[in-house]
1. Residue check, Leu359 against (1) within 20 Å of the chain's Cα centre (by Cα); (2) farther than 21 Å from Leu108 by Cα; (3) assigned to a helix (DSSP H, G or I); (4) not acidic (Asp, Glu), all met but one. Which one?
2. How many residues are modelled with pLDDT of 95 or more and open to solvent by 10 Å² or more (accessible area, probe 1.4 Å) when one looks only at the stretch 76-110?
3. Show the residue pairs meeting these rules: Cβ distance below 7 Å; 6+ apart or different chains; first residue within the stretch 230-241 and more than 11 Å from Gln295 (Cα to Cα); second residue open to solvent by less than 40 Å² (accessible area, probe 1.4 Å) and among the charged types (D, E, K, R).
4. Sort out which residues of the stretch 24-33 are closer than 22 Å to Phe54 by Cβ and open to solvent by less than 30 Å² (accessible area, probe 1.4 Å), and write them in order of number.
5. For Ala341, which of the numbered conditions (1) closer than 21 Å to Leu238 by Cβ; (2) in a helix (DSSP H, G or I) fails to hold?
6. Looking at Val119, is it in contact (Cβ under 8 Å) with a residue 24 or more places away in the chain, in contact with a strand residue (DSSP E or B) (Cβ under 7 Å, 6 or more places away or on another chain) and open to solvent by 30 Å² or more (accessible area, probe 1.4 Å)?
7. Conditions: (1) farther than 24 Å from Ala296 by Cα; (2) not in a loop (DSSP other than H, G, I, E, B). Ala384 meets all but one. Number of the miss?
8. Of Ala257, Ala299, Ala246, Ala266, which residue is in a helix (DSSP H, G or I) and more than 30 Å from Gly127 (Cβ to Cβ)?
Amino acid sequence: MTVVTEPQGVVASLWPAAVVGVPLAGALLLAAAGRRMDPRTVAWIGVSSVGAAFAAAVAALLDYLARRQAMGEALVGLSTRLWSLGGPQAPGIDLGLLGDGLSLWFALVVTGVGLLIHVYSVGYMAGDPGFRRYFAQLNYFIFAMSLLVMSDGLVGTIAGWANVGLASYLLIGFWYQREDARAAAIKAFLVTFSGEVGLVLATALLWHQTGTVQYYVLFDRLAYVPTGALTAAGLLLLWAAAAKSAQLPLHVWLPDAMAGPTPVSALIHAATMVTAGVYLTARMYPLYAAAPLAQAAVAWVGGLSALMGAVVACGQTDIKRVLAYSTMSQIGYMLLGVGVAAEAAGVFHFFTQAFFKALLFLAAGLVIHGLGGEQDMTRMGGLARSMRLALGAYLVGAAAMMGIPPFSGFYSKDAILEAVWSHGHVALWAIGIVAAALTAFYSVRMLTLIFGGAPGPAVQAASHGGHGHPEPAWVARAMGVPVVVLAVLATAGGWVWIPGRTAWAVTVLEGFFGRFREGLAAAGHAAEALPAWILRCPSPPRPSARWPRWPSTPGRRGRPAPGSRPGRWRQPGPPGSTWTTPTGGWWWSRPCASRAG
């Protein structure tokens, strides 16, 4: 086994492997031996495996912060090498797991919120004939999303991306006896699969231009990629993100995906699936920083999706569809933040949204469970006294989603809108403000229809024992405890980043974004990082041979001067010398030295 490329500052660690591997082990164990286990054992394995993954994510983050304090900017992250193909003289592909500030931030939310949803599911799915299959697939979902966010390159991300699509297909169509569930699962799979085509094409284009798919090595080489290629790759990645995150115009699968169990909807909308697009655009921040057109497209797709989702949510009567379109709107805010170069704010909104969106879905599950499966809000009403836990959860979740201080959503949404305004995007800022006002409208409408007024037909039927499901006390506790924990997090989750007072989120996220804050200023270091198969000297060019990509000017490495035209090669000097163009630009001197060596 030969390591083809390895970014500087990577520290070997097994924590990333533990975050990804434990849920996979739980899923395989339940899939292979679940039929011979009783439901209690199945629940214990499913919950404990995700709990162990969450503990590993916390340990990895603490390890990363401690090492970062000691090593400073020299630290890239914690890495677990899985597989390598190729060698220093030929193109190759490495597969590994990387725990840096961004990936650990996502892993913490994926496993933490996933753990709470697992606990909730123990009560919600009790008595379901597919109880064992459900927990096997839920563990598989956590593994797939963890692999997506922890991979150290685009090939690993594609693998996680595909597994997330398969896991969502299985869980959306969990009740496969129902025609609507089967149709929704197929629709979600096909639409999100179209995004995978964009991701694969972007990966192929970037590999062709840079010779690597590892993130940090790739970022170092972006300075040598033409702007047109960067823009094309950025738009292909946006296509993938829009499909996975249900953004315009690829949002059509999201409302139908509500056919799955409510905890699955909570997991998809809060910690997995739809947040994958946000992760991808944030991870590729250095590329978007070098491709302004693609970055602007991200901002406009996000802004318009935020508005569109809020408008459609105002007219929905299905309790889960309102939350589904609100997710489309909140994800739009995240992409808006990334698109206006406020990446940390966008990722911070992912953090707070995970708490209040999971809280709202689980509270909706309490209502649906209590009303025997009823989801039409016009048939509800008058539940304020009989469902006080659900009422409290809805009040907290709605306040956080509306951005009312001091609830968590206020800090993240305010940071995005402030960044949009400060960067001079007045039209996008106005769209964000209108979407925020509509969010407040449909949240209040939802609260009023469910808990206000006189009891509706569904409530009257339930109060007379219409659905007849006396539940044991442990079911109520299993469903109630995660709701209370999420209510606390939805309230105080934003306090980790209060401007001028707390900066824990900045400390973690700036470990990734701060490294590239100066844009492509590190181009000079990229030449030193290029492997020999890229740095090889070409054959001595003929006098008429043109510059293969673009001419450069004195003092500017690898960037064309405004209005400049392609130049011609000069006769190369001895090994180790610099190749120059008539414009005075220069190419790397390292290739000749490498070949001579």
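The values are calculated or read from the model by the stated rules, or taken from the named source; none is laboratory data. In this text the structure is predicted, and so the values were computed from the model without any measurement. Note that we place each Cβ from the backbone using ideal geometry, even for glycine, and neighbour counts take in every protein chain shown. These area figures cover heavy atoms from the full protein model, side chains too; ligands, DNA and RNA do not enter into them. Shrake-Rupley method; radii C 1.70, N 1.55, O 1.52, S 1.80 Å.
1. So Leu359 meets the others, but not (2).
2. 1
3. Sorted first by the residue in the stretch 230-241, then by its partner, the pairs are Ala240/Glu196.
4. Correct list: Gly26, Ala27, Leu30.
5. If we test Ala341 against (1) closer than 21 Å to Leu238 by Cβ; (2) in a helix (DSSP H, G or I), just (2) comes out false.
6. no
7. Just one mismatch for Ala384, condition (2).
8. Ala299
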